[in-house]
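This report concerns only the one structure given below.
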Amino acid sequence: VNMTRLFSQSKYWRLMLLTLVLGIGGSFQYGIQVSVMTSPSETIQNFVNQTWKDRYGEPADESTVKLIWSFIMSIFSLGGWLGAINSGKIPVIYGRKKCLLFNNVVAIVAAVLMEFSRMAQSFEMILLGRFLYGYNTGLGLSVHLMYLGESSPKKLRGFLTLTSSIFIGLGKVLGQIVGLRELMGTDTLWPYLLALSGIPALVQFLGLLCFPESPRYLYLDKGDEEGCKKALEELWGGEDIKLELEDMAREREAMAGEKAKTVWDVLRSRAVRWQLLTLIFPCACIQFCGINAIYFYAFDIFREAGVPENKMRYLSIGIGTTELVTISLCSFLIDRAGRKKLMGLGYLFMGLILIVLTVMLSVKDKYYWVPYFNITLLFSVICIYGLGPSGVSMVLPADLFLQAWRPSAYAISGTVNWLGLFFLGMFFPYIVEGLGPYCFLIFVVYCILSAIFLLWFIPETKGKTMVEIMEDFDKLNFKDRRMPINKEDFTLATKL
């Protein structure tokens, strides 16, 4: 199913609008927040220094300003972690839709704090705003994927869930563009720049009021079969919903009336052991594939190739655009090539290119053409990352768990992702200082191991129902049939 076919099927027009609304206030917020702080960083640090001077009569030490700035940057990850933890409980109690409505209020409050921080001469308001933005994105990323995956038909599930990665890429590029000093990254406009995320939050809040709750949540969590039918008919137009209802009935039978699982249930249950490994190892730990190192080294590589300093920021926009374009191309491939091949081969080729890049960086001064070749390698890694791991990592977790397990699984995934981002941000500069370009070898190991894990062990999920996927994983979870299977595990292993 490609984009042309999707838009030609007018009966899905409300589902497409829901996809747009979820993306604008969901993964788009993550993308814009990770890029929007880059350009005004010096301006905000000057504001911190001036505020300190106005309060205490003398400028702050450079180390103090750097410490406050590091807190402003890192507290976003801590907020994201807290939001990810809550994504295992709030969507179960209140539903996906109400959870996102509340989440948008958090982002709007954060935007107001950012907007008035300069007027109040308070960098503490920026700190609190960044924390709330982090909470908003941590909760929003997981619930966005839940809501969208549970509202999509099987034949479109891969494509529509992948749009979350497209919105991340779009947010990154837009954050880089509006942050330019020619636009909003100025001494006078930076509070408006930091408050920008309030606009998509307001759009999603108003937009969600026009859409129903997730059909699967209504049927499987609330037992509202009639409400589920109405939601499906509203979102799918004239599409036959009989097969979808039968699939949900089989899933409910497999769940055997079980309530939503806790994080501890997911961590200790043998019934989802391999799904959990797949969720954590190649998906949630995507921070360790080396993409952040590529972004970190990009400016050095461009500088060695003779790119002027004042043009660097435009090339960074080019990198973000490349990632966005390749993620978009992934949408044409994911339901044809499948998740397993795209992600597994993507990690494999990323690992191989990073090996070559490490070698080339070590001989960059010996041959004049090496810096230009390194630029080619850099963009090659970005392209493969977008076509495989970046796109599929958002889609695959939605395929792996039945309804009762899914919210807590997303909480675990979000926790690993946000803590990985936090610790990588804290310690990566020291790793680079100690290893230099050889730091890429750490990421090579992760990429190669992830490729082997995905290609040799994990079953394909393309075009399968949730119950069919669970039956495939049961063959791994219960490989040794001589071992006793407790009742909880048995209720999910429907063929055993």
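Tabulated results
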item	result
Residue in the stretch 444-464 that is more than 18 Å from Pro282 (Cβ to Cβ), open to solvent by 10 Å² or more (accessible area, probe 1.4 Å) and not in a loop (DSSP other than H, G, I, E, B) present	no
Elements of type helices (runs of 4 or more DSSP H) contained in the stretch 113-215, each with 2 or more residues being outside the structural domain of Val395 (by the TED database), open to solvent by 10 Å² or more (accessible area, probe 1.4 Å) and at pLDDT 95 or above	123-151, 198-208
Flag if Val392 is open to solvent by less than 10 Å² (accessible area, probe 1.4 Å), assigned to a helix (DSSP H, G or I) and modelled with pLDDT under 90	yes
Residue satisfying all of: in the stretch 56-91; surrounded by fewer than 20 Cβ atoms within 10 Å (Cβ to Cβ) and hydroxyl-bearing (Ser, Thr, Tyr); farthest from Gln403 (Cα to Cα) among these	Tyr56
Selection within the stretch 48-76 - in a helix (DSSP H, G or I), farther than 30 Å from Thr163 by Cβ and either of a type in the set (S, T, N, Q) or in contact with a Phe, Trp or Tyr (Cβ under 7 Å, 6 or more places away or on another chain) (or both)	Val48, Asn49, Gln50, Thr51, Ser63, Thr64, Ile68, Ser70
Cβ pairs under 6 Å, 6+ apart, first in the stretch 111-127 and on the phi < 0 side of the Ramachandran plot, second open to solvent by 50 Å² or more (accessible area, probe 1.4 Å)	Leu113/Leu128
Condition met for Leu267 (more than 26 Å from Ile168 (Cα to Cα), at pLDDT 85 or above and not assigned by the TED database to the domain that holds Pro389)	no
Residue check for Leu435: part of a helix (DSSP H, G or I) and over 26 Å from Ile334 (Cα atoms)	yes
Test for Val48: is it open to solvent by less than 30 Å² (accessible area, probe 1.4 Å) and modelled with pLDDT under 90	no
Members of the stretch 273-287 found to be within 14 Å of the chain's Cα centre (by Cα) and within 15 Å of Leu421 (Cα to Cα), listed by number	Ile280, Pro282, Cys283, Ala284, Cys285, Ile286, Gln287
Failed item in (1) open to solvent by 10 Å² or more (accessible area, probe 1.4 Å); (2) modelled with pLDDT under 95, with Val109 passing the rest	(2)
Filter pass, Ser413 being open to solvent by less than 10 Å² (accessible area, probe 1.4 Å), closer than 30 Å to Arg336 by Cα, part of a helix (DSSP H, G or I) and hydroxyl-bearing (Ser, Thr, Tyr)	no
Test: residue in the stretch 16-24 that is open to solvent by less than 20 Å² (accessible area, probe 1.4 Å), among the small types (Gly, Ala, Ser) and outside any helix (DSSP H, G or I)	no
Matching residues in the stretch 465-488 - criterion: being open to solvent by 10 Å² or more (accessible area, probe 1.4 Å) and either modelled with pLDDT under 75 or assigned to a loop (DSSP other than H, G, I, E, B) (or both)	Thr465, Lys479, Asp480, Arg481, Arg482, Met483, Pro484, Ile485, Asn486, Lys487, Glu488
Residues that are of a type outside the set (S, T, N, Q), under 18 Å from Met16 (Cα atoms) and under 25 Å from the mean Cα position of the chain (by Cα), drawn from the stretch 211-239	Phe211, Pro212, Glu213, Pro215, Arg216, Leu235
Residues satisfying the stated conditions in the stretch 49-95, i.e. within 30 Å of Trp264 (Cβ to Cβ) and either in the same structural domain as Ala284 (by the TED database) or not hydrophobic (A, V, I, L, M, F, W, C) (or both)	Ser74, Ser77, Gly79, Gly80, Gly83, Asn86, Ser87, Gly88, Lys89, Pro91, Tyr94, Gly95
Number of the condition not met by Gly420 [criteria: (1) of a type in the set (Gly, Ala, Ser); (2) farther than 21 Å from Leu378 by Cα; (3) at pLDDT 85 or above]	(3)
Number of the exception - Phe428 against (1) farther than 15 Å from Cys447 by Cβ; (2) in contact (Cβ under 8 Å) with a residue 60 or more places away in the chain; (3) buried (at least 17 other Cβ atoms within 10 Å of the Cβ)	(3)
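Per-residue answers, yes or no, for (1) free of Cβ contacts under 8 Å to residues at least 12 places away in the same chain; (2) under 19 Å from Arg303 (Cα atoms); (3) out of contact with any strand residue (DSSP E or B) (no Cβ under 6 Å at 6 or more places or on another chain):
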site	(1), (2), (3)
Tyr368	yes, yes, yes
Leu377	no, yes, yes
Ile384	no, no, yes
Met394	no, no, yes
Pro397	no, no, yes
Leu402	no, no, yes
Arg406	no, no, yes
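The values are calculated or read from the model by the stated rules, or taken from the named source; none is laboratory data. Everything numeric here is computed off the predicted structure, so don't read it as measured data. Glycine also receives a Cβ, built like all others from the backbone with ideal geometry; neighbour counts cover every protein chain displayed. What goes into the accessible areas is simple: the full protein's heavy atoms, side chains included, and nothing from ligands, DNA or RNA. Shrake-Rupley method; radii C 1.70, N 1.55, O 1.52, S 1.80 Å.
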